[in-house]
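*Asks:* My questions all concern the structure below.
Just so it is clear, none of the values below were taken in a lab; they were calculated from the coordinates. Owing to the predicted nature of the structure, the values given are computational and were not obtained by experimental measurement. Cβ atoms come from the backbone with ideal geometry, glycine included; neighbour counts cover every protein chain shown.
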Amino acid sequence: MNWRLILTLIIVSGVMAYLGDVLGMRIGKKRITLFGLRPRDTSRLITAITGMVISIAILVTMTVISENVRTALFSMKFIQGQLQSLTRELQESRSESQLMSLTLLDSEKRLREQQEGLISVQEELAMIQPRLEEAQESLSRIQKEKEQLEFEKAALTDSVESLKDESETLRKGLIQIRSGRIAVFAGEILGQSAIEPMSNRDDVEGVFQELRRQAEYVVGARTGLSPDEIVLAVDLEKEMEAIDACAGQANRKFVRILALANAIFGEDIRIDYEVKESFLVYRKGEVLFSQSVDRESARYDPESELHLMLRLVNRKAIQDSIVPDPVTGKVGALDATDFYEAVDILQKSGGRVNVEVSAAEDIYTEGPVRITLSIRPEDGEIQRED
């Protein structure tokens, strides 16, 4: 409460009422008339004017003392207009605020839904993550397997191409074989010779030259060409290595000249040298095999029996370190005449006979195994020996 304003209004009202009363009494005593009125009416008019002056004085006092009263008296309509405008703006603000509140609630709801969806997605992602890692590992493994398969495919492609080339070569070789135009076969021995211990290099080179001449004569005899027309293709570096391996050695060596590949008539013949240790395996006259044969047996077949014995001798010789022919796998051969003479003797013999296979000469590692057949009755009488 504004006590100063209230006290001021009471005092001013009292002073003005007092002054109006004094002025009215004086005018009434003097019997003054205004505007042709009677004194009583004049007194009443003065009293009314005094009340008006009191009101004016109160308003003036309030206006002077209170800024709020001045505002209420002189700016009320402006303030009311501002209040109405502010009220409208407030209402609009409240509406906007409510709308924003609703929008915010809707946004919060959507945000909660999005958060819930995000949580659900995160949970699903957490569940999928191990499978994703497993799938990545499987993909990596499959990628490696794919690369391996591609590498194997490339290798197989190369192998297939190589096999095709080899097949074509074999096909051509087969055609040549069928047409009888093969001069030498791969791995075939074209000549061999022994080299004695401590041979000097010149002697060894002479042996190698002789081996080449042997090879030329062998091929020339097959093809009908002159040995001078036969061309032997050899790696000179390997030939020098083979000569070095034989020259000045304390042990006996043997050298074989081998065909590296099939060659048709007129082609150069690729050759290589095989150098191995040579030592005495069988001495002359040493019995290599002995078997008793019963002529009276129901299953007796002298030719088959003799073939079987020779195969057994061949096997035994290989087991005893004789180096076989790489193409035929045999270590020697028996003359057909000698073979069938022995068969004839076995057919004509009666009872049990003993067949001995002996070394015809000293036989070394390189062979060949030359043999003699001795057919004796078990009573000791010699039927045949050659």
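*Asks:* First select every other residue whose beta carbon is under 13 angstrom from the beta carbon of Met127; then total the charges, Lys and Arg +1, Asp and Glu -1.
*Replies:* It works out to a net charge of -3.
*Asks:* Fewest to most neighbouring Cβ within 10 Å: what's the order for Val369, Val218, Val60?
*Replies:* Val60, Val218, Val369
*Asks:* List the pair-distance distribution P(r) of region 100-157, using every Cα-Cα distance, as the percent of pairs falling in each 5 Å bin from 0 up to the bin containing the longest distance, rounded to whole percents.
*Replies:* 6, 14, 11, 10, 9, 9, 8, 7, 7, 6, 5, 4, 3, 2, 1
*Asks:* In the structure shown, do any of Lys164/Lys330; Lys253/Lys284; Lys284/Lys316; Lys153/Lys238; Lys238/Lys284 have a Cα-Cα gap over 28 Å, and if so which?
*Replies:* From the list (Lys164/Lys330; Lys253/Lys284; Lys284/Lys316; Lys153/Lys238; Lys238/Lys284), the Cα-Cα distance tops 28 Å for Lys164/Lys330; Lys153/Lys238; Lys238/Lys284.
*Asks:* Under a crude label model (7 Å from the Cα following the beta-carbon direction), how far is Lys153 from Lys77 in nanometres?
*Replies:* So the two model labels end up 9.8 nm from each other.
*Asks:* Hey, fewest Cβ within 10 Å first, where do Phe279, Phe289 land in order?
*Replies:* Phe279, Phe289
*Asks:* Taking Cα pairs under 8 Å and at least six residues apart, what relative contact order does region 183-278 come out at, in percent?
*Replies:* 43 percent
*Asks:* Could I ask something else about it? Quick one: which residues, 5+ away or cross-chain, put their amide H under 5 Å from the amide H of Val327? H built at 1.01 Å from N.
*Replies:* Ile189
*Asks:* Sorted from fewest to most neighbouring beta carbons within 10 Å, what does the list Leu125, Leu19 look like?
*Replies:* Ascending Cβ contact count within 10 Å gives the list Leu125, Leu19.
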